[in-house]
Every structure is written in C-alpha cells, then in structure tokens.
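K.L.:
So that we are looking at the same thing, I have put the structure below in structure tokens.
Nothing in this text is a laboratory measurement; each read-out follows from the coordinates by a stated rule. The structure displayed is predicted, hence computed values, not measured ones.
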Amino acid sequence: MLKRRRGVSPGAQILVMMGIFLVGLMISALAIDFAYYFTARNELQTASDSAALAAATELYRDITVDPTTRRKDATLEAQTYLSKNQPNMTLDTSDVLYGFIDPTTKVYNSASFTTPSNDPNYASTGGYNAVRVLVRKTQGSSNGQLNTILANMVGIHKMDVSTGSVAMVDQTVNTLNNAGLRPIYACQAQFNLTMQDGIPENDTVRIYGDHVEVNGDPNTAGCPAMGSGNWGFADFTDCSAGTVGASTIGDWFASGYPGSVVVGQCYSTKPGNFIASMTSQLDTLVSNGTVFPIPLYNSWGGNGSNTNVNVSGFAGFKITDYVAHGAQSSRYIEGHFYRYVCNSGCSSTYSANATATTTPGGSLVRLRLASSS
C-alpha cells in the first residue's frame, strides 16, 4: 500500500515567511538607524569644529585681558557657535578643555594636553594654546542620548554619539616680521559676516579695490564707505598721502610687508588698480595655495590719495582667482577669509591662517601663524 507524502502545512509556511519578514525588518531598521547615527555624528563633528575654532579665536582675540577671563569668554563663544549649528544643544562644563600642544609637532596628545607651557610666549593665555571641545549626545550629558527611529522595535531605544575637536593657535612671536602681511584691506564687518557659521571658507570674497563684495553683495552693515579714487591696496608707510609705487606693492605681494602693522593705528591707502602688473606674484600665491594675513579696517576717511583706514584686526586670506585686465572697475582679486586672531593689543605678528586635518582623537583644526612661503 502506497503512503501519501506529507507536504509542509500552510501554517508552517506562514511562520517561515513571517520569520524571514521579521529578520528583514530588523536588518532594515538597524540600517536606517545606523545611517541616522552617522548623519548625526557628521553634524556634531561640524558643530564641534566650529565651536573649537571660535573658542581658540576668542582665546587670542584680546591679549590684554587676563587669562581666566579670556578662557571664560572663549567657552561662551564655543557655546554660541554650537548653538548656530545645533540650536538645542549645550556644552557641559567638562566639554571645553584648555591645554597646550607642541607648536613644532602640532599633534594633540591627551596625556600632556592639560599641562600648561612655561614658554613666556603663551603667558597671556595662562600657558595654553589650544581648546578641546566635545559635543555629546550621550547618557549622563545635558543633551541626553540620541533617540533611535526604528531600532526600538528590537529593544534599542537610544544611542550615544559624540565628537571632539581641538583648535590650536601657534603664537610664535616675530614669525611674521619681515614676511607674511599682504597689502590688501578688507572690512571688519564683512569678515564678521563670513564667520557667522564659523566657516569663512564657505564665502567668496572679491576685492575690486574701490569696494569689497561678499558672495556678490557689496553692502554689509557696519562697513564704512570707501573713499573715491582708491582701490583697496595698502600703503603701510604712514597715515598720509600714498607714497609707495606699484613695484613696491608688487614686492609686498610676493614676499610680504617687511614691517609690523599695529591694531588701532591709522594707515594710508594706495590709489590705482594695477593688478595687471602683479600677475606673476598672484599666480604664485594661487598655485601654492598660500594663506597670508591681511589687515581689517573699521573706518575709512578721506578721498583720492589722502584716504586712510583704522586697522581693527587681522585675518588670514587665500587668493583662489583674479581678473587683471579690462576696465579697472572689473578687475578683482577673489578668495576667502581664514581665521581671525586678535583685535586689541596685537600687531601683524599675531596674524594667522588655518588648516585642518583629522586625527584619531577627532578633528584637529589648527590655527597657526602664517610664515613666508
């Protein structure tokens, strides 16, 4: 007698299909939350970079203020820039840490970071030249943990996510004397505008000479009107009629101004748009990616060859393009700002540029003194 072969019962088939479906659902849920985690982490990294840069900049903004107050102000600045990127997040007291990084190696070392330097060059900041900022959504932090989206279906309701950034200022005294500073004026308020998101490299600056534009806009609140007949070049000799020639301006573009410019003092401008005579110097700066300091101004007086500015600070600048021919009103130098270092009690000795690199401990964004290329 033949026996009838038994098949898989419909109920068992449904259970198998449900199991496969649930496994797929779990994998999909975890994939979505992993993607969510890494997106959140990238956003926090940007926020911590910005906060650390802002804190380090504030630490060196006014070297006449006592170190304790400067660190307090720098912490407030870190929170301000964190809020610009992550409006609902705060920094805990332990999230902002001041320390020292060897200016030669420029490598963050957690073991030695909190030991202040005895080098007198860093006495104005209490022996520190760097700021470490942690941005955390973790258990025990004031921001709490990151909520999951679908992983809660498998019992994972929250995740820890955190990032750390270290911003460093290399305050090597006299590095920029006899080199570095280029003869371009830019408005303090326009620089401040590019720093609102903490990343001035995102903004395009065009220096036409008779005006400066940020992202195509020549009008920035707080910028004084430039005097007629002047093209934005800097005559650092004194605060009277422009005296240097085009060849001298060209030398300053090539090698930097061989002197020191001091914040709070008056300097004259140089009439005439002679970019066409400096193409070789500009080509070198563009091809080398040189970041050099330029003076910022907050007032502009006079007209013609008698105009002058009040230097309010310094910012790093990088030329990425230029137009040297055609009508004078169509010639410009294009680039973007880098970091701002100080606005009181300082000279061009303290002007700076910025570079960024990634280290195992987080993103190390270094603010360091520009040297002659």
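K.L.:
Leaving out same-chain residues fewer than 8 places away, which aspartates and glutamates sit with a Cα under 15 Å from that of Lys158?
P.N.:
In chain and number order, the partners are Asp33.
K.L.:
Here is a follow-up. Which whole-Hz couplings ³J(HN,Hα) result when phi for each residue of the range 206-215 is put into the Karplus expression 6.51 cos²θ - 1.76 cosθ + 1.60, θ = phi - 60°, listed in order with x for Gly and Pro?
P.N.:
10, 9, 7, x, 7, 6, 10, 10, 10, 6
K.L.:
Could you state the number of Å between the C-alpha centres of the range 46-88 and the range 108-123?
P.N.:
Between the Cα centre of the range 108-123 and that of the range 46-88, the gap is 19 Å.
K.L.:
Can I ask one more? Amide H to amide H under 5 Å from Val107: which residues, 5+ apart in sequence or cross-chain, H placed 1.01 Å off N in plane?
P.N.:
Asp102
K.L.:
Using modelled amide H (1.01 Å from N, peptide plane; none on Pro or chain starts), what sits under 5 Å from the amide H of Cys187, excluding residues fewer than 5 places away?
P.N.:
HN-HN under 5 Å from Cys187: Tyr297.
K.L.:
On to the next question. If the cut-off is a Cα-Cα distance under 19 Å, which aspartates and glutamates reach Lys106, setting aside same-chain residues fewer than 8 apart in sequence?
P.N.:
The reachable aspartates and glutamates, counting only those whose Cα sits under 19 Å from Lys106, are Asp49, Asp119, Asp170.
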